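Peer 1: Supplied in structure tokens, the structure appears directly below.
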Amino acid sequence: MDNEIMEQYLKNVPIEVRLPIMKLANDQNWAVFIALALEEPKYFTELKELFNANPQEIDRVLKSLVAGGLAFRKIRIVKDIGDQRKIYYGSTKLGKRFYNALFDVLVPHGDIQKLPQKIGTHQYIGNMAPISPPAYSGPIMDQKRTAYGKCGVE
């Protein structure tokens, strides 16, 4: 492909917009991204155990999500610097907004149920309890919605 022509089109969508999407290139990255978006921040070991993954595998996925701006990597206190067991990961504000935007864009308007209205990090339909976005079951969105816990905060 001609790099000049590619650049001509790519300049219309900055790398900061494309990078998060590029970091979700496989199902492993998607699964960890979704877990971080829907749950409280977790330590490296908790994520490794949750996904029954080897350390190199989960490390590669987490580094990719952090590089894409979809996840953060933190320690709780300064003395824990350098201790891999004390590092925890969670969804960034960009990661949460991106997760919610997927459903704003992909769930067709005129659906039988109203689209969720976002308030903070939770989604509501009218004055009902928090709900998750619809479960995906193939090419057509399923109408089922299930409850979920609080999202992690930075």
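Each value in this text was obtained by applying a stated rule to the coordinates, not by laboratory testing. Remember, it's a predicted structure, so these values are computed and weren't measured experimentally. Cβ placement follows ideal geometry from the backbone for every residue including glycine, while neighbour counts extend to all protein chains displayed.
Peer 1: What is the Cα convex hull volume of the stretch 3-107 when expressed per residue in Å³?
Peer 2: 136 Å³
Peer 1: While we're on this one: Between A67 and R85, with labels modelled 7 Å along Cα→Cβ, what's the label distance in nm to one decimal, could you check?
Peer 2: 2.9 nm
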